[in-house]
Amino acid sequence: MVDTQKSKKDKGLMFTAWQMVLLSRPVHWVKNLAIFAALIFSGNLFEEGLLVKLFWGFIVFNFATSAIYIFNDILDAKSDSLHPIKKNRPLAAGYVDKTLALAISLLFAFIAVYWSSALGLLFFLLVVTYLVLQVLYSLALKNIPIIDILIIAAGFIIRVFAGAFVVDAHLSVWFLLCVISVALFLASGKRRAELNTVGASGATRKSLTKYSRDALNSYVTMFGNAAWMSWSLFTFFESPKASLPIWLFLAELSRTTTINKLLMITIPVVIFGIMRYESLIFAGKSEAPEKLFLTDKSLVVSVLMWTGLVVWIIYSGVSVQTF
């Protein structure tokens with residue numbers, strides 16, 4: 001009898017602990033990997049000091065994003081309970097007390113702000129900016145059409161700039177254009193998929209009532225095109241010069257086999273990834289982009305292939321320029 005009661009108690013504690021983990025939404029931390037972009041494209045990925053410093057920046061953003069997600073879930077608990085997917089979130093389902101959740105959110109925000117100050121003033125200012133912007137989003141801006149998409153996209157852009165500030169890397173205008181385009185593509189795709197999930201009634205999000213399906217379709221298409229085109233321009237203007245013997249040998253064979261724009265070989269992979277993601281968007285399966293990039297086999301393969309090609313081209317003996 002005692003063993004049975006103890007078993008139930010342990011199970012309850014384990015369940016509560018798991019709900020606390022889910023409350024922080026660790027799956028969303030994958031978006032914080034954008035902080036490493038500047039390090040990779042600057043050619044300094046394997047400089048241990050910079051990599052370690054940026055890793056701590058990644059941890060800081062994990063605390064910051066979790067703080068915001070918890071705060072947003074506290075505000076949206078009632079509406080989330082009406083959502084076919086979000087109703088299972090810890091706060092919407094009533095598994096976690098709101099007062100405790102608020103305390104955790106404030107603690108995470110404090111840790112992020114305090115820790116960010118050790119990584120530089122500009123990084124600190126961006127973390128504070130991110131937190132303030134996202135709080136405003138949670139309180140009101142998420143209900144304003146178009147503005148809500150811009151705020152979501154701004155979150156991705158801030159992550160990239162934050163990483164650049166930590167390692168003091170230069171970001172080319174073409175790369176920034178690509179980052180902005182991809183961020184807007186993911187943000188508009190998120191809204192388009194939400195429309196499929198909850199319908200035009202927007203039962204769980206007021207801004208959805210202001211969007212038409214055709215308008216969101218056009219946003220997704222426009223920013224998807226902008227994303228692969230801006231990446232193409234980046235590879236054309238910023239690709240490192242070939243210096244490995246194999247590339248030089250090919251150049252000696254014929255002018256036709258001369259390779260000066262190695263990063264351009266990644267363009268088909270990018271186009272495939274965008275096409276795949278768009279197909280998932282219009283099928284209503286992309287409300288949480290970060291989950292798709294972890295679970296959809298085609299997207300996982302394309303992302304890994306793109307990352308592998310980029311790292312190989314930049315670090316396998318080619319002469320790295322300043323990005």
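Kindly check whether there is at least one residue in the stretch 30-39 that is more than 30 Å from Leu262 (Cβ to Cβ), touching a residue at least 24 places away in the same chain (Cβ under 8 Å) and buried (at least 22 other Cβ atoms within 10 Å of the Cβ). No, there is no match, as no residue in the stretch 30-39 is more than 30 Å from Leu262 (Cβ to Cβ), touching a residue at least 24 places away in the same chain (Cβ under 8 Å) and buried (at least 22 other Cβ atoms within 10 Å of the Cβ).
Val127: in contact with a Ser or Thr (Cβ under 9 Å, 6 or more places away or on another chain), outside the structural domain of Phe36 (by TED's automatic domain parsing), within 30 Å of Phe234 (Cα to Cα) and not small (Gly, Ala, Ser), yes or no?
Numbers: in contact with a Ser or Thr (Cβ under 9 Å, 6 or more places away or on another chain): yes; outside the structural domain of Phe36 (by TED's automatic domain parsing): no; within 30 Å of Phe234 (Cα to Cα): yes; not small (Gly, Ala, Ser): yes.
The answer is no for Val127.
Considered as a group, the residues in the stretch 149-195 that are among the small types (Gly, Ala, Ser) and not in a helix (DSSP H, G or I) include one that is farthest from Ala226 (Cα to Cα), and that residue is Ala169.
Among residues of the stretch 294-323 that are on the phi > 0 side of the Ramachandran plot and outside any helix (DSSP H, G or I), those with a beta-carbon under 7 Å from a residue that is surrounded by 13 or more Cβ atoms within 10 Å (Cβ to Cβ) and modelled with pLDDT under 80 at least six positions away or on a different chain give the pairs Gly317/Leu244.
The values are calculated or read from the model by the stated rules, or taken from the named source; none is laboratory data. From a predicted model like this one, the values you see are computed outputs, not experimental measurements. Quick reminder, even Gly has a Cβ in these numbers, built from the backbone with ideal geometry, and neighbours come from all protein chains shown.
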